[in-house]
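Before any comments, here is the structure.
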Amino acid sequence: MNYQETIEFLFPLRRFGQKLGLENIQALCDALGNPERNLGTIVHVAGTNGKGSVSAMTASICKEMGKKVGLYSSPHLACFTERIKINGMSIPKEKVAEYCTQIKEIVPRISSTFFEVTTALAFKYFAEEKVDVSVIETGIGGRLDATNVIPSSYSVITNVELEHTEWLGETKEKIAVEKADIIRPKSSVFTAAKDLDALEVITRTARDRKAKIRIASALSDYQIISQEIGLLSVHLRTKRRTYHGLKVPFSGSYQAENAQLAILLAEEMGADELQIRNGLANVHQNTGHRARLERVQEKPVVLLDVSHNPPGMQATVKTISHYRKNYARVAVVFAALQEKDVASMVAALKNGCDKIFVSELKIEKALPATEIHQICEAQDVRAEVFPNPMDAIAAAKAFVGEDGLVLITGSFYLAGEVLAFLEPDVLETQHS
């Protein structure tokens with residue numbers, strides 16, 4: 001298969017949806033020569049929110065340490081190959097085609113999902129390229145996630161919130177049980193989880209597996225000195241060092257906590273202060289990490305964001321509220337998937353903006369814009385429906401004027417459609 005044929009083979013696998021379990025991924029790995037056993041030092045990252053940023057920060061610091069670093073993340077924004085990177089460079093399209101050709105026959109036989117196949121491709125590429133470090137982000141949960149066949153030395157559980165409850169359980173404690181299963185015997189686990197029940201589960205699992213538990217709040221503290229759109233200045237103190245004026249190139253106070261986790265992990269991996277500082281400062285260049293309140297246009301300021309659940313949206317609104325006094329009006333361009341708690345996200349947005357511009361999405365599992373509009377109306381939120389993101393953005397920009405702010409948020413898929421329009425050279429033929 002060539003790359004275009006490969007994409008046409010891969011994307012229809014979405015019809016299998018989410019299917020938790022390790023049998024399929026193990027069969028795919030077996031067919032590819034068990035690359036999961038040859039991934040160098042492995043960092044496995046789970047959590048409801050923040051795992052993408054922590055993974056990117058960790059990979060960037062490791063690159064500054066002189067390591068060859070594989071980074072596997074999901075979903076992609078505009079191009080499939082974004083999911084699988086080494087030192088910030090996406091997997092070559094011919095490699096995607098080569099590896100998929102090797103497993104083409106087994107995939108339909110075992111009804112593999114899109115995520116299972118993609119995970120196997122990442123493992124194969126990292127093993128073949130002999131990476132020193134692999135930073136692997138989970139898809140959903142941990143215990144039965146396709147990534148959970150790797151012998152990780154370090155694991156990170158950023159936090160535990162109520163999401164994907166239909167698969168992971170109805171309480172934070174049950175969800176923590178799923179996420180904590182990525183902890184390997186005699187490894188090290190880092191967490192910033194605050195829910196006491198969830199933290200107890202993580203701590204107990206670590207103890208049972210003779211793993212070292214590293215609770216961020218017990219090992220370090222930080223103070224945000226200043227924040228502006230796209231940059232935090234932070235003082236952070238760990239047991240090993242004090243970092244004065246640390247530059248974290250993200251918006252939002254929650255990113256300081258993500259940096260805290262990445263720094264604690266990096267210190268244990270042997271990073272020095274300069275490598276940590278440079279890794280954070282260069283995270284976007286080193287990894288291509290994007291769309292976390294990213295400033296993509298001026299006059300008016302347009303921010304692109306991937307918050308897609310109530311806790312994430314609350315954190316985003318808190319950040320926007322910090323800057324709101326600087327802008328005449330604030331508008332939100334919003335879309336979401338059917339499985340999400342849209343009512344709670346709208347409730348979070350209600351006091352953070354003047355109007356919501358609801359967009360349709362191309363992806364099948366998107367919640368229709370008319371239904372989102374009804375949710376807005378039920379909460380007395382001013383809203384309007386548009387057939388596509390670009391029409392919604394144009395209307396939002398006209399509404400706020402040059403001195404306003406437009407926030408695009410609600411879904412990775414919305415961010416992907418926007419980036420594909422703004423940067424058509426990276427547009428993928430299909431999106432997942």
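Only the coordinates and a few stated rules stand behind these numbers; no lab work does. Quantities reported herein were computed from a predicted structural model and do not represent experimental measurements. Methodologically, a virtual Cβ is constructed for each residue, glycine included, from the backbone with ideal geometry; neighbour enumeration extends over all protein chains shown.
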Self-check item: Semi-axis lengths, Å, the stretch 357-410, gyration tensor of Cα atoms, sqrt of 5 times eigenvalues
Solution: 20, 15, 8
Quiz item: Which one of Pro311, Pro108, Pro389 has the biggest mean-square fluctuation once the chain is modelled by GNM with Cα springs under 10 Å?
Solution: Pro108
Practice problem: Taking only Cα atoms and a 10 Å spring cutoff, compute GNM fluctuations for the chain and point out the largest among Gln255, Gln314, Gln379. | Solution: Gln379
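Only loop residues by DSSP count here, and only those with at most 15 other Cβ atoms within 10 Å; note down the GluC sites (Glu not before Pro) in the stretch 232-311 that meet that.
Glu298
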Self-check item: Cα-based shape type of the stretch 63-175, given that a ≥ b ≥ c are square roots of the gyration tensor eigenvalues and the cut on a/c is 1.5
Solution: oblate
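Based on the alpha carbons, how large is the Rg to Rh ratio for the stretch 294-426 when Rh follows Kirkwood? Numbers along the way, then the final one.
Details: Rg = 13.2 Å, Rh = 14.3 Å.
Dividing the radius of gyration by the Kirkwood radius yields 0.92.
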Practice problem: Mind checking which aspartates and glutamates have their Cα closer than 12 Å to the Cα of Lys355? Skip sequence neighbours fewer than 8 apart in that chain. | Solution: Glu377, Asp380, Glu384
Quiz item: Can you tell me the Rg and Dmax of the stretch 25-98, counting just the alpha carbons, in angstroms?
Solution: 13.2, 35
Quiz prompt | Relative contact order (%) - the chain, alpha-carbon pairs under 8 angstrom, separation at least six | solution = 16
Self-check item: Selection from Leu265, Gln227, Tyr72, by position along the positive dipole direction of the chain (Cβ)
Solution: Leu265
Quiz prompt | Selection from Ala56, Tyr323, His308 lying farthest towards where the dipole of the chain points positive, charges on Cβ | solution = Ala56
Self-check item: D_trans [Stokes-Einstein, Kirkwood Rh over alpha-carbon pairs] for the stretch 308-358, 20 °C, 1.002 mPa s, µm² s⁻¹
Solution: 191
Quiz item: Which of Leu162, Ala218, Ser134 sits farthest toward the positive end of the charge dipole of the chain, with +1 on the Cβ of Lys and Arg and -1 on the Cβ of Asp and Glu?
Solution: Ala218
Quiz item: Considering the alpha-carbon set of the chain alone, what are its Rg and its Dmax in angstrom?
Solution: 20.8, 58
Quiz item: Dipole of the chain, Cα-centred, from +1 at each Lys and Arg C-beta and -1 at each Asp and Glu C-beta, to the nearest 20 debye?
Solution: 1320
